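Visitor: So that we are looking at the same thing, I have put the structure below in structure tokens.
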Amino acid sequence: MGQANSHGLVAYADYQPPLTAGVSTLGAEIGESLQYDKTLRSTRFMKTIRCFHPREGLLVVRIFTKPTYMKLRLHLDPYIRRIKEQHSLVHDLENILSYPSVIETDRAVFLVRQYAQHNLYDRISTRPFLSDIEKKWIAFQILVGLRESHAVGACHGSIRTENVLLTSWNWVYLTDYAPYKPTYLPADDPAIFSYYFDTSMRRVCYVAPERFYDPDSPTARMLANKDDS
């Protein structure tokens, strides 16, 4: 999101009420035949839940609650449009699992995709441990997925082990593309990094070093001019 929006969301995050309707009455909220199953992750930025659909089976629903404060006005249309455009670019790629459904209501935005049982973070620490050739095969698929994704003009934005899904035969799906997260992060303000990227709450960082900028850097001036325009 824009730099001004990023700071605003972080400032108001601790005061934002939870979206109870997005969990207990999910079907009524978005008009789909979804039944809530369990909460997978809950952070200040987004809530991730698992649901059951009669035809599609288990689905993952990521919920962004819209701020209710009059001082913070978010223009979400560009981000929703970007997510949909990105899905149209990558949905045919072999190693990519994007969001085929994006639903906006008065109170929240819902990102819906297929559920997968295992991710790379869990698989690394599960017996039998991965062999060298399996690690190379997984790494190769990740690189191929990124190459094909970049070839059609789609960047992931938040690559981490939790976003690499694995089947029982070690087929890789790169998922949870995040074009709505800020590209650049202030090096002197860890609150923005924690809000958007430390969703596992393990204090680990997968963000490339070049995405962090100092207050007096050209990137900081570029972002300031962009927010003022």
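The values are calculated or read from the model by the stated rules, or taken from the named source; none is laboratory data. Because the structure is predicted, anything quoted here is derived from the model rather than measured. Methodologically, a virtual Cβ is constructed for each residue, glycine included, from the backbone with ideal geometry; neighbour enumeration extends over all protein chains shown. Note: accessible area is taken over every heavy atom of the protein model, side chains too, but ligands, DNA and RNA are not part of it. Shrake-Rupley method; radii C 1.70, N 1.55, O 1.52, S 1.80 Å.
Visitor: Which of the residues belonging to segment 195-218 are polar (S, T, N, Q) and buried (at least 18 other Cβ atoms within 10 Å of the Cβ)?
Guide: Scanning segment 195-218 gives a single hit, THR199.
Visitor: When residues of segment 187-202 are filtered for being more than 15 Å from ARG44 (Cβ to Cβ) and within 17 Å of the chain's Cα centre (by Cα), how many remain?
Guide: Residues in segment 187-202 being more than 15 Å from ARG44 (Cβ to Cβ) and within 17 Å of the chain's Cα centre (by Cα): 1 in total.
Visitor: Can you tell me which residue among ASP106, ASP122 is loosely packed, with under 14 Cβ neighbours inside 10 Å, of a type in the set (Asp, Glu) and out of contact with any Ser or Thr (no Cβ under 9 Å at 6 or more places or on another chain)?
Guide: ASP106
Visitor: OK, next. Here is a list: THR39, THR105. Which entry is touching a residue at least 60 places away in the same chain (Cβ under 8 Å) and more than 15 Å from TYR180 (Cβ to Cβ)?
Guide: THR105
Visitor: If we scan segment 140-150, do we find a residue that is over 30 Å from LYS66 (Cβ atoms), touching a strand residue (DSSP E or B) at 6+ places or on another chain (Cβ under 8 Å) and part of a loop (DSSP other than H, G, I, E, B)?
Guide: Checked against the condition, which is being over 30 Å from LYS66 (Cβ atoms), touching a strand residue (DSSP E or B) at 6+ places or on another chain (Cβ under 8 Å) and part of a loop (DSSP other than H, G, I, E, B), segment 140-150 yields no hits at all.
Visitor: Looking only at segment 32-68, count how many residues are open to solvent by less than 20 Å² (accessible area, probe 1.4 Å) and more than 17 Å from PRO100 (Cα to Cα).
Guide: Selection size over segment 32-68: 2.
Visitor: Among the residues that make up segment 101-109, is at least one of them over 30 Å from THR68 (Cα atoms) and not in a strand (DSSP E or B)?
Guide: No, segment 101-109 contains no residue that is over 30 Å from THR68 (Cα atoms) and not in a strand (DSSP E or B).
Visitor: Name the pairs whose Cβ atoms lie under 7 Å apart, with the first residue in segment 203-229 and among the acidic types (Asp, Glu), the second assigned to a loop (DSSP other than H, G, I, E, B), and 6 or more positions between them or separate chains?
Guide: Cβ pairs passing all conditions: ASP214/ALA187; ASP227/GLY2.
Visitor: Hey, could you check segment 167-185 for residues that are in a strand (DSSP E or B) and open to solvent by less than 10 Å² (accessible area, probe 1.4 Å) and say which is nearest to SER217 (Cα to Cα)?
Guide: LEU185
Visitor: Is it the case, given these coordinates, that ASN163 is in contact with an Asp or Glu (Cβ under 7 Å, 6 or more places away or on another chain), modelled with pLDDT of 95 or more, open to solvent by less than 20 Å² (accessible area, probe 1.4 Å) and closer than 23 Å to SER88 by Cα?
Guide: It is true that ASN163 is in contact with an Asp or Glu (Cβ under 7 Å, 6 or more places away or on another chain), modelled with pLDDT of 95 or more, open to solvent by less than 20 Å² (accessible area, probe 1.4 Å) and closer than 23 Å to SER88 by Cα.
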